[in-house]
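Inspection log for the structure reproduced underneath, given as structure tokens.
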Amino acid sequence: MTRPDFCLGCDPGLSGGLALLNCQTKVIEFIADMPITDGRVDPAKLAAIIDLCKVRGTIHAAVENVNARPRQAGMWNFALGVGAIHGCLAALGIPFTLVQPAAWKSACGLRRLESETQADTKKKARELAARLFPESADLFRRVRDDGRAESVLIGRFLAVKNGWF
């Protein structure tokens, strides 16, 4: 796989995020919360964000390969959001790799322990993103910034795995 200029980390879901990582300088060039309208991922706004990222150079996206749990509340909206990400990337000609949550979380040391809540794990993700990218630590200071942090970590995982970082 040819080294792209940027890796776009995508954490799907209503509280997810997008992070554009520069593979040359190893810094966060752009970060955004997942665009939401009327309780759903907004495909038009999502496409506009991704298209703006595309003008900076070549991109390869890392998209968390998530699965809905049976009877999960909001499963349909979640699935529509994941589909919007895949569709926007494909329509804009951006290649992407699906990244298993267990793989990137294990590589980052974020596997949830039995004694931990999901909130604990998300806090650890924000803290790790702030440590790895100290110049951007303010982007992860709020509790609701976990989607941003996870998008950064997903993108960084793929970039490191492929030797782009």
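Counting only other residues whose beta carbon sits under 14 Å from that of residue 52, what net charge do I get with K and R as +1, D and E as -1? Before the final figure, lay out each step's value.
Values: positive: 45, 54, 56; negative: 29, 51.
In short, +1.
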Using θ = phi - 60° and the Karplus curve 6.51 cos²θ - 1.76 cosθ + 1.60, what whole-Hz ³J(HN,Hα) does each residue of segment 58-67 get, with Gly and Pro shown as x?
6, 10, 10, 9, 10, 10, 4, 8, 9, 10
By a straight-distance test (C-alpha under 28 Å), which lysines pair with residue 54 as possible cross-link partners, with residues fewer than eight away in the same chain excluded?
26, 45, 105, 161
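First measure r as the distance between the Cβ atoms of residue 132 and residue 98, then evaluate 1/(1 + (r/R0)^6) with R0 = 25 Å and state the FRET efficiency to the nearest 0.05. Intermediate values should be presented prior to the final figure.
Values: r = 22 Å, r/R0 = 0.89.
With a Förster radius of 25 Å, E is 0.65.
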Using the Karplus curve 6.51 cos²θ - 1.76 cosθ + 1.60 with θ = phi - 60°, work out ³J(HN,Hα) for each residue of segment 24-29 in order, rounded to whole Hz, and write x for Gly and Pro.
7, 8, 6, 10, 7, 8
Taking every DSSP bridge whose two residues both lie in segment 6-161, the antiparallel percent to the nearest 5 is 60 percent
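Considering only DSSP states other than H, G, I, E and B, which trypsin sites (Lys or Arg not before Pro) in segment 59-165 qualify as loop sites with at most 14 other Cβ atoms within 10 Å?
Working: sites: 71, 105, 111, 112, 122, 123, 124, 126, 131, 141, 142, 144, 148, 156, 161; in loops: 71, 111, 112, 141, 142.
Those satisfying the criteria are 71, 111, 112, 141, 142.
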For segment 70-165, run through the GluC sites (Glu not before Pro) and keep only the ones in DSSP coil with at most 15 other Cβ atoms within 10 Å of their Cβ.
114, 116
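Take each uninterrupted DSSP H stretch in the chain, measure its Cα extent along the helix axis, and return the ones at 18 Å or beyond whose mean Kyte-Doolittle hydropathy is at least 1.0.
Taking the DSSP H segments of the chain (at least 18 Å long, mean hydropathy at least 1.0), we get 75-91.
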Rounded to whole angstroms and listed largest first, the alpha-carbon spread of the chain along its three principal axes comes to 42, 34, 28
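Every number here is computed from the coordinates shown, using simple stated rules; none is lab data. What you see is a predicted model, and the numbers here were worked out from it, not measured in a lab. Cβ coordinates were reconstructed from backbone atoms using ideal geometry, including for glycine residues, and neighbour counts include every protein chain displayed.
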